[in-house]
Amino acid sequence: MPFSLYYQMPGMKAACNVPECLQIRTALFCGQSFINYLKEFAGPVPVYERIVDFETLTSENIVSYTPLNGLEIGVTLRIILLYGGFLDPLISGFHTFLGLPNNNRDIFPENDVYISIPNTNNVYLELDHTALGLGDIDIWAKFSLLQTQTIALSGLFAFKLPTGNPEILQGSGYPDIGLGLLFDWYLCELFALYINAGIVIPYDALDPATASNPFIMINGIIGFEYAACSWLSFVAQFEMRTSPIYSDFVVLPETDIDFFVTPQTNLMLGIAIKYGNWSFQFFIKEDLFTHNAADILFNVMATCYIDL
């Protein structure tokens, strides 16, 4: 949850669209998050407490335009629903069927909304009811630095407008700046490698007068694409995002490492389909290593390219 309040590099190709191309993209994300910790071990039965327990449904809409060769400008708008959802009994049943532990899901109410993350950065992270609203809006520009038949290198500048309501966790309440480098390497007709690296600077990380003081964040993304044919590709992506907060109350088992200071380590697997001026993408994403992100996230995306 803390990561979603700030700008995050979206996993973007370095190559710009052709001049005078309008790109319209709409995506739907459905995710489930559940984190609990051992609060008290004394007594006959250990006492566990939730930190995060909710589901998200996010509509993300992107419009970009390439006014000239090597420059693409765009805007990203999100509508976010935080709610109890429906996945809890499905996930519990799946774990039970496979004989896997349920991570104490069975001792808490199903399909509930609960977010309570005290932190030393004074970032507000409290919610106990369904919330629907407009998220923060990203305005961004991608500009080509190098373009050959096999390699593309671009810079990225993004500015996040604080349009989301921080009281219902739809945004941070302050603007962010994102700076990044994007690299594509088309190894052959079948394989491509994509690398994104960047820094996210929240305004309230720099101004000591603000109530909240999150950390400056680093984003790194590496992706692979295998083109099975002209219209079908298989994609895999690994993301690493450093945390904006330090909680000082939950540590990783058998360590002194604060849980919420660990980075996100998301692995994404999916397929991409091309059909004329349209492309479609379906993927599933999970944080397999640090578990500091959604337990599971599903995405479906459609993109239309219009030559003006």
### Task
Kindly check whether there is at least one residue in segment 22-36 that is open to solvent by 50 Å² or more (accessible area, probe 1.4 Å), under 14 Å from the mean Cα position of the chain (by Cα) and within 18 Å of THR303 (Cα to Cα).
yes
### Message
Filter segment 123-168 down to the residues that are charged (D, E, K, R) and open to solvent by 60 Å² or more (accessible area, probe 1.4 Å) and list them by number.
### Response
GLU126, ASP128, GLU167
### Query
If we keep just the residues of segment 203-223 that are open to solvent by less than 30 Å² (accessible area, probe 1.4 Å) and β-branched (Val, Ile, Thr), which is nearest to GLN264 (Cα to Cα)?
ILE221
### Task
Out of the residues in segment 226-249 that are surrounded by 19 or more Cβ atoms within 10 Å (Cβ to Cβ) and of a type in the set (Val, Ile, Thr), state the one that is farthest from ASN122 (Cα to Cα).
VAL235
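Say whether the condition of being in contact with a helix residue (DSSP H, G or I) (Cβ under 7 Å, 6 or more places away or on another chain) and within 27 Å of ARG50 (Cα to Cα) is met by at least one residue in segment 218-239.
Within segment 218-239, none of the residues are in contact with a helix residue (DSSP H, G or I) (Cβ under 7 Å, 6 or more places away or on another chain) and within 27 Å of ARG50 (Cα to Cα).
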#### Entry: Hey, ASN292 open to solvent by less than 20 Å² (accessible area, probe 1.4 Å), in contact with a helix residue (DSSP H, G or I) (Cβ under 8 Å, 6 or more places away or on another chain) and under 25 Å from LEU179 (Cα atoms) or not
yes
### Message
Suppose the filter is out of contact with any Pro (no Cβ under 9 Å at 6 or more places or on another chain), hydroxyl-bearing (Ser, Thr, Tyr) and either at pLDDT 90 or above or more than 29 Å from VAL235 (Cβ to Cβ) (or both); does THR26 pass it?
### Response
yes
#### Entry: Number of the condition not met by GLY171 [criteria: (1) open to solvent by 60 Å² or more (accessible area, probe 1.4 Å); (2) within 30 Å of GLU126 (Cβ to Cβ)]
(1)
### Message
Pairs needed: first member in segment 127-153, assigned to a strand (DSSP E or B); second member anywhere, loosely packed, with under 14 Cβ neighbours inside 10 Å; C-beta distance under 6 Å; at least 6 residues apart or different chains.
### Response
LEU153/LEU145; LEU153/LEU146
## Note on the structure
Pairs returned, first residue in segment 63-74 that is at pLDDT 95 or above, second residue that is among the basic types (Lys, Arg), beta-carbon separation under 7 angstrom, 6 or more apart or interchain, are GLU72/LYS142
### Query
Would you say ILE117 is on the phi < 0 side of the Ramachandran plot, open to solvent by 20 Å² or more (accessible area, probe 1.4 Å) and of a type in the set (A, V, I, L, M)?
no
### Message
Could you go through segment 195-202 and let me know if any residue there is without any contact (Cβ under 8 Å) to a residue 24 or more places away in the chain and open to solvent by 20 Å² or more (accessible area, probe 1.4 Å).
### Response
yes
### Query
Which residues, counting only those in segment 144-174, are within 22 Å of LEU82 (Cβ to Cβ) and not hydrophobic (A, V, I, L, M, F, W, C)?
LYS160, PRO162, THR163, GLY164, ASN165, PRO166, GLU167, GLN170, GLY171, SER172, GLY173, TYR174
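So which residues in segment 259-289 are open to solvent by less than 30 Å² (accessible area, probe 1.4 Å) and either closer than 14 Å to PRO2 by Cα or in contact with a His (Cβ under 9 Å, 6 or more places away or on another chain) (or both)?
Across segment 259-289, the qualifying residues are PHE259, PHE260, THR262, GLN264, THR265.
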#### Entry: segment 295-305, residues that are in a strand (DSSP E or B) and surrounded by 14 or more Cβ atoms within 10 Å (Cβ to Cβ)
ILE296, LEU297, PHE298, ASN299, VAL300, MET301, ALA302, THR303, TYR305
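The values are calculated or read from the model by the stated rules, or taken from the named source; none is laboratory data. Every value quoted in this text rests on a predicted model; they were computed, and no experiment measured them. In this analysis, Cβ positions are derived from the backbone assuming ideal geometry, glycine residues included, and neighbour counts consider all displayed protein chains. We work out accessible area using only protein heavy atoms, side chains counted, and drop any ligands, DNA or RNA first. Shrake-Rupley method; radii C 1.70, N 1.55, O 1.52, S 1.80 Å.
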